[in-house]
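Report on the structure given below.
The values are calculated or read from the model by the stated rules, or taken from the named source; none is laboratory data. All figures in this text were calculated on a predicted structure; none of them were measured in a lab. Counting neighbours? That spans all protein chains shown, and the Cβs are built from the backbone with ideal geometry, glycine included. For accessibility, only protein heavy atoms count, side chains too; no ligands or nucleic acids. Shrake-Rupley method; radii C 1.70, N 1.55, O 1.52, S 1.80 Å.
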Amino acid sequence: MKMTVLKSAIAGLALVATGVMAEEGTVGFEINGDIPIVTRVPAAAHLDGALSEAISGWEYRDSSTQAMQMDDFDNPAMLAVEQAAEVWNTAMGTVGKSCADCHGDVNESMIGIRATYPKWNEKAGEVRTLAMQVNNCLTENMGAEAWKYDGADMAAMEALISIPSRGMPVNVAIDGPVASVWEQGKEMYYTRYGQLELSCASCHELNYDNLIRADHLSQGQINAFPVYRLKDTGLVTTHGRFKGCVRDTRAETFAAGSPEFVALELYVASRGNGLSVEAPAVRP
Amino acid sequence: MNLTRRETVLLAAGASVAVMVPFRAFADAAENIAAFTGGAAVGEGGITLTAPEIAENGNTVPVDVDAPGAVEIMVLAVGNPNPAVGTFKFGPLAAAQMASTRIRLSKTQNVMAIAKMADGSFVQATKEVKVTIGGCGG
Amino acid sequence: MADNVTPRVRVPRDAKAGEAITIKTLISHQMESGQRKDGDGNLIPRSIINRFTCDFNGQNVIDITMEPAISTNPYFEFQSLVPESGTFTFTWYDDDGSVYTDTKDIAVS
């Protein structure tokens, strides 16, 4: 079920054999038969040829795992999404407001949000991830306790907020006020960590599509996070995955929500600019 | 990993125990089969068992069973510590004697489905599923 | 009762009389197998959903005995006949005695 389509708005419209190549991506599959997901796209210019294509992790999975993501009923992540939808409508904290009291219907107010995070917050003067923004709402606007950065509540809320952006191209800004943080993330990406002396690039740029033991290495794209991981039978956040990767290099890992991982998230997200938001996806 | 001599001996002892395990598991599966069939002969054909050849993770392996005319279908994971997986009994309103679920496999092994047909006979199908153990935790 | 047990069921809203329809069910449940150990090396006791049934207007469609080898968040897909308009009843039975139910109406033309 592959077809060539225009990258942005009219992704559902098949343009077979038009020869238009410039702004194209490849739709690898559709969710529920009506949300086309671009799984291959020419790599962003800032990658400077390090990758020819940005490729979603979906492409590296077995057909049975892929199939679980193609229908929301078959995707176990939707259990967490449903629970988060209840939380969205529940008043929390001393202010007595719910998410919905300010943001209304998540499926309308959050359209496109997941596609542009992490992003610069002018008022705070910092790069914010979606999780930071959620915690900021909880503590500053709702008078509630912050959630654990990579805990189940946060993962479920990130998944819920991602839903109305599915199929939209990841479009993370890398210039202007975020440039220095982006550079920091890029440097981390190419820094070898741990006793195994592995950088992110060692596996995900130089060896994607190869096997590491029995794992089929992907490009480590994060357009699909949080993901429902079959191994954990639960949602895993981007920083949760980062922690696992750093630990696998036999290094002391950075903390979830640390400035280091925020910078890395910004950089890794930008490597997938143009891929569709897929979250919450299914991965082994 | 540096092993002392004692640890090496212990590992060897553990390995010989591990070799015994499949026989025990097979015996358990045989008990499950006997309980289901009452010792009746089990034929082939008329039942389809669909499972991936390679499961990316043994925690969630999709399995389909289909046995037109069956009254019930038992599914076994022969190599699991407890081979029983589930038994599907079809009621009068079942449109087809088929079902899909997701199961846990502790390692590479045979998955088996045995159907009890309306006439009291039994048929079976077996499929090997290789379970990969990924290198990447997290 | 296990935490956060939420059933999900997909049934078509309508069907033709005698038509075979596909039903999918999913329920959030840990399905603790009784084989795992906690951080201190103690066996975590088994706690699973051990049976699932689907009935339509009081007649059985499927009755499933479940063992610990059924994955976390148990998923089933099966086919049912719908002789007339009515209500599907879905029931999950937990080891701890809890019973979770869901119902879905279907219009038959």
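Here are the numbers for this structure:
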{"quantity": "Shielding by other protein chains, B:65-75, mean Cβ within 10 Å", "calculated": "1"}
{"quantity": "Assigned charges on the beta-carbon of Lys, Arg, Asp, Glu; segment B:26-133 dipole about Cα centre (debye)", "calculated": "220 debye"}
{"quantity": "Sum of side-chain charges, residue A:32 neighbourhood, beta-carbon under 11 Å (Lys, Arg +1; Asp, Glu -1)", "calculated": "-4"}
{"quantity": "Formal net charge of residues neighbouring residue A:277 (Cβ-Cβ distance under 9 Å; K, R +1; D, E -1)", "calculated": "+1"}
{"quantity": "Signed unit charges on C-beta, dipole axis of chain C, positive-most listed residue C:49, C:21, C:5", "calculated": "C:21"}
{"quantity": "Segment C:28-109: GluC sites (Glu not before Pro) falling in loop per DSSP and having at most 13 other Cβ within 10 Å", "calculated": "C:84"}
{"quantity": "Portion, in percent, of the accessible area of the protein assembly as shown that falls on carbon or sulfur, probe 1.4 Å", "calculated": "52 percent"}
{"quantity": "Charge dipole of the protein assembly as shown about the Cα centre (unit charges at C-beta), most positive-ward option of B:46, A:273, B:92", "calculated": "B:46"}
{"quantity": "For segment B:33-109: relative contact order, % (alpha-carbon pairs under 8 angstrom, 6 or more apart)", "calculated": "32 percent"}
{"quantity": "Dipole magnitude of chain A about its Cα centre (Cβ charges: Lys, Arg +1; Asp, Glu -1), debye to nearest 20", "calculated": "400 debye"}
{"quantity": "Accessible area buried at the A-C interface, both sides summed, 1.4 Å probe (Å², nearest 100)", "calculated": "1100 Å²"}
{"quantity": "Kirkwood Rh in Å, taken over segment A:66-113 so that all alpha-carbon pairs contribute", "calculated": "12.3 Å"}
{"quantity": "Per residue, in Å², the accessible surface of segment B:26-133 once ligands and nucleic acids are set aside, probe 1.4 Å", "calculated": "39 Å²"}
{"quantity": "Cα extents of segment B:26-133 along the three principal axes, largest first (Å)", "calculated": "42, 31, 20"}
{"quantity": "Sequence of C:43, A:51, C:81 when ordered by accessible area, the most exposed leading, probe 1.4 angstrom", "calculated": "C:43, C:81, A:51"}
{"quantity": "Interface size B-A, as summed buried accessible area [1.4 Å probe, Å², nearest 100]", "calculated": "1600 Å²"}
{"quantity": "Cα-centre dipole for the protein assembly as shown with unit charges at Cβ (Lys and Arg positive, Asp and Glu negative), debye to 20", "calculated": "980 debye"}
{"quantity": "Sparse-neighbour loop sites [trypsin sites (Lys or Arg not before Pro); segment A:90-169; at most 15 other C-beta within 10 Å; DSSP]", "calculated": "A:123, A:148"}
{"quantity": "Semi-axes of the equivalent ellipsoid for the protein assembly as shown, Cα gyration tensor, largest first, Å", "calculated": "41, 30, 24"}
{"quantity": "Buried area at the B-C interface (accessible, heavy atoms, 1.4 Å probe, summed, Å²)", "calculated": "2200 Å²"}
{"quantity": "Interface residues in segment A:26-69 - accessible area drops by 20 Å² or more relative to the isolated chain, probe 1.4 Å", "calculated": "A:62, A:64, A:68"}
{"quantity": "Per-residue mean of C-beta atoms belonging to partner chains within 10 Å, peptide A:226-239", "calculated": "3"}
{"quantity": "Peptide B:53-59, shielding by other chains (average Cβ, 10 Å cutoff)", "calculated": "6"}
{"quantity": "Taking only Cα atoms of chain A, radius of gyration then Dmax in Å", "calculated": "18.3, 59"}
{"quantity": "Inverse of mean 1/r across different Cα pairs in segment B:57-108, Kirkwood, Å", "calculated": "11.9 Å"}
{"quantity": "Surface accessible to a 1.4 Å probe, residue A:142 within the full protein complex, Å²", "calculated": "10 Å²"}
{"quantity": "Virtual spin-label span in nm between residue C:59 and residue B:53, 7 Å along Cα→Cβ", "calculated": "4.2 nm"}
{"quantity": "Intensity falloff of segment C:3-109 expressed as log10 I(q)/I(0), Debye formula with alpha-carbon point scatterers, at q = 0.10, 0.11, 0.13, 0.15 Å⁻¹", "calculated": "-0.33, -0.39, -0.52, -0.64"}
{"quantity": "Sites excluded, GluC sites (Glu not before Pro) in DSSP loops with at most 14 other C-beta within 10 Å, longest stretch of chain A", "calculated": "A:24-121"}
{"quantity": "Trypsin sites (Lys or Arg not before Pro) restricted to segment A:188-284 and DSSP loop, no more than 14 other C-beta within 10 Å", "calculated": "A:192, A:250"}
